[in-house]
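Computed from the coordinates by the stated procedures, all read-outs in this text should not be read as laboratory data. Computed from a predicted structure; not experimentally measured. When we count neighbours, we look across all protein chains shown, and the Cβ atoms used for this are built from the backbone with ideal geometry, even at glycine.
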Amino acid sequence: MRAACSSLVLALIAVGVASPPSASAQTIPSPYAFIEERQEVGLFAGYMSAGTGRFGYGPKGGPLFGARYGVELSGPLSLEAAVGTLRGVRDVIDPAQAAGNRVVGEADVLLTTVDGRLRLSATGNRTWHGLSPFLVIGGGLAFDSAKPSAAEGLLDADEVYEFGTKFFATIGPGVRWFATRRLALRTDAAFSLWQLKTPPGFGDPTLGLGDVADGEWASGLSVTATLLFRW
């Protein structure tokens, strides 16, 4: 009888040891969560600094405001479009003046940018602790709609710089933080590149400016923050 009781106790202990822990003990919260919503729209604000070229007549940059729309594709890929407005100034340059005295005034800059981008997420169609780092690459058009400056009246017509309509390319990193399923915050640092066309008058050999190219590439760096609504 004693041997039977001992065997029963040992069997119960073995069953207890072999039994799996409770369901609550097995639950391990995952740092990853799937992104369910496929579209987003938002408003952004930030600042852009820009190179002004050899002679300094290009836009200097300024506050940047706009809106963007994005749609999730398969896996880590997304497409997005953005429209922005940059308000700033640029120097009015008189090439006939001596170096150091060529700035004769300022002109307003009102750049409108329209671009499309491909977004590549580092975490695919999921977030990690609510974060989704990404890289964007794309391009678009920029044009200046500001009125001419009074200072430009001091120059010959072929010495006046006009931004015109420019193609620009963009690449840069960013991150989205999903506060809820519907709301997210996004920050970007974007590097842009466009070409500044040299006014023909700057190539006048009598000015002694040396070899003047027809145009040159200038870069810009923008930092923006966006509030996104998703659905």
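Taking the 0 to 90 degree range and rounding to the nearest ten, how far is the long axis of helix 2-18 tilted relative to the main principal axis of the chain, both from C-alpha atoms? Its long axis makes an angle of about 10 degrees. A Cα-only calculation for region 104-178 places Rg and Dmax at 19.5, 60 Å. Placing +1 on the Cβ of every Lys and Arg and -1 on the Cβ of every Asp and Glu, with nothing else charged, gives the chain a dipole about its Cα centre of roughly 1760 debye. Of the labelled figures (i) 63, 16, 13; (ii) 25, 22, 17; (iii) 39, 21, 16, only one reflects semi-axes √(5λ) of the Cα gyration tensor in Å as derived from the coordinates, namely (i). Around the Cα centre of region 37-171, unit charges on the Cβ atoms of Lys, Arg, Asp and Glu (plus for the first two, minus for the last two) sum to a dipole of about 580 debye.
P173 sits among other residues whose Cβ lies under 14 Å from its own Cβ, and their net charge, with Lys and Arg +1 and Asp and Glu -1, is +3.
Think of the chain as a dipole: +1 on every Lys or Arg Cβ, -1 on every Asp or Glu Cβ, centred on the Cα centre; then among S192, V89, P76, P76 lies furthest on the positive end. Look at the dipole of the chain built from charges on Cβ: of M48, T127, T112, the Cα furthest out on the positive end belongs to T127.
Phi angles of region 162-175 translate, via the Karplus equation with coefficients 6.51, -1.76, 1.60 and θ = phi - 60°, into HN-Hα couplings of 10, 5, x, 10, 10, 7, 9, 10, 9, 8, x, x, x, 8 Hz per residue; Gly and Pro are given as x.
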